Amino acid sequence: FITLGIESSCDETSIAVVADGRQLMSDVISSQIALHTVFGGVVPELASRHHLQNINSVLDEALSEAGVTLDDVDLIGVTNGPGLIGAVVIGVATAKALSFAKDIPLVGVNHMHGHVSANYIQYPDLEPPFMALIVSGGHTNIVEVTDYNECKVLGGTRDDAVGEAYDKVARVIGLGYPGGPKVDKAAKDGNPEAVHFKRVYLEKDSLDFSFSGLKTAVLNYINTEKMAGREINVADVSASFQQAVLDVVVDKTMMAVRNMNKDRLVIAGGVAANSELRRELKEACHKEGIRLYAPEPVLCTDNGAMIAAAAYYKYKKEGADDLHLDAYADLSL
Ligand code: ATP
Ligand code: MG
Ligand code: FE
């Protein structure tokens, strides 16, 4: 059973071919990083235009790499939210056109369920239920995944997402876009105790997060240092900021896993590619006898394969969507 997965919700145009919801046959990812770098972040209008320009060649490449044609495709899955609306629309319109022209069933996928589903590709035996930490450019959630494409949200951010905090801090310290991977790399040469940034835990036992104060604290620190004529040590600031984020993220995630009495933890979303987050969670899980599932970095950031996996299980349970399928900027978990 062959599923085509289409993803275009932000700055990656990606299409994958996946067999039986789990086996990767191809996963072509066309990143727009070079395009947006000069602007220091994603420009929505440019993103949509480039999705439109690239999506047909990404499709051709995905099919030929997998050694299949559209006649072999049994299901089309597409991200229909949440994301940049103009970008999501391109994927949805493409999926509908293919579905109509070739009479292939169509399923709309919630991008966040897609991120979690990247784990089904990486770990062929993994099945719900399990706990999940979803950390990406626009979302930060601790959830209990109760079934494929179903979850209970236990906590989330009250302001910035983790990835957003990384990206904003990267801009402030001059590392530029995309910030996450750059801060990750710079932090490796820095001292996480060089600058103390406050850890924000909110109310006792809360599984919610707040990262906007941290972004301001980094900005204030930079300004104070500059005013005093001191040089900024980018590696130290990166490491110190990262440690302030990860202390809270790891503590709260482990608290949730313990509270829910679960023995499996899945991580998902672009920030799940972070090397220090992976290292610390691995250590914490090992100590408490919890199995950690962490997809390889390329499956953490946006890709079509995760959408194909989510679509496969949604189709099995709920059947297909029709051509009225719409695109949404906001779509809750
Ligand atoms: P969402 O999935 O919430 O709609 P998105 O699709 O833009 O948002 P993703 O593609 O899942 O987000 O992830 C991109 C985010 O992950 C960016 O904020 C990026 O900085 C961050 N990121 C990627 N790699 C790393 C890393 N190694 N360390 C920290 N952050 C990272
Ligand atoms: Mg991206
Ligand atoms: Fe994403």
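Could you work out how far the C-alpha centroid of region 278-305 sits from that of region 98-159, in angstrom?
Taking the Cα centre of each part, region 278-305 and region 98-159 sit 15 Å apart.
For the chain, take the longest principal axis of its alpha carbons; what is the angle in degrees between that and the long axis of helix 234-259, to the nearest 10 within 0 to 90?
70 degrees
Label Val38 and Asp20 with points 7 Å out from Cα along Cα→Cβ: what is the distance between them in nm?
With each label placed 7 Å out from Cα toward Cβ, I get 4.8 nm.
Tell me the angle of helix 111-122 to the major Cα principal axis of the chain, expressed in degrees between 0 and 90 and rounded to the nearest ten.
It works out to around 80 degrees.
Kirkwood Rh and Cα-based Rg: tell me the resulting Rg over Rh for region 80-140, rounded to two decimals.
Reported Rg/Rh, Kirkwood definition of Rh: 1.05.
Just to be sure I follow the definition: excluding the sites themselves, where is the longest run in the chain that has none of the GluC sites (Glu not before Pro) in a DSSP loop with at most 10 other Cβ atoms within 10 Å?
1-192
Arrange Phe39, Phe241, Phe209 by Cβ neighbour counts within 10 Å, fewest through most, would you?
Sorted ascending by nearby Cβ count, the order is Phe39, Phe209, Phe241.
I need the shape label for region 114-229. Rule: rounded when a/c is under 1.5, else prolate if a/b > b/c, else oblate, with a, b, c from the alpha carbon gyration tensor.
Since a/c reaches 1.5 and a/b is larger than b/c, the shape of region 114-229 is classed as prolate.
Cα-based count: Lys pairs in region 168-264 below 12 Å, eight or more positions apart or different chains?
4
Would you calculate a helix-derived [θ] at 222 nm for the chain, using -39,500 (n - 2.57) for each DSSP H run of n ≥ 4 and dividing by the full residue count, to the nearest 500?
Value at 222 nm, helices only, nearest 500: -14500 deg cm²/dmol.
Just the C-alpha atoms of the chain: what Rg/Rh do they give, with Rh taken as the Kirkwood radius?
Using only Cα positions, Rg/Rh for the chain is 0.99.
Using a Förster radius of 45 Å, what is the FRET efficiency between Asn220 and Ala329 based on their Cβ-Cβ separation? Nearest 0.05, please.
Once rounded, the FRET efficiency stands at 0.90.
Under 17 Å from a point 7 Å along the Cα-to-Cβ line of Asp251: which residues of region 277-319 have their amide N that close?
277, 280-281, 284-285
Can you tell me the order of 72-80, 23-31, 126-134 when each peptide is scored by its average per-residue count of other Cβ atoms within 10 angstrom, highest first?
Ranked from most to least packed, the peptides come out as 72-80, 126-134, 23-31.
Please report how far the C-alpha centroid of region 1-79 lies from that of region 190-244, rounded to the nearest whole angstrom.
Taking the Cα centre of each part, region 1-79 and region 190-244 sit 36 Å apart.
Between Asp71 and Asp125, what is the FRET efficiency for a Förster distance of 35 Å, r being their Cβ-Cβ separation, to the nearest 0.05?
Efficiency for this residue pair is about 0.65.
Across the chain, where is the longest run that never hits trypsin sites (Lys or Arg not before Pro) in a DSSP loop with at most 10 other C-beta atoms within 10 Å?
My reading of the result: 1-197 is the longest stretch.
Every read-out reported here was derived from the displayed coordinates using simple, explicitly stated rules and does not represent laboratory data. Keep in mind that this is a model prediction, so the values were computed, not measured. Backbone-built Cβ (ideal geometry, glycine too); neighbour counts: all protein chains shown.
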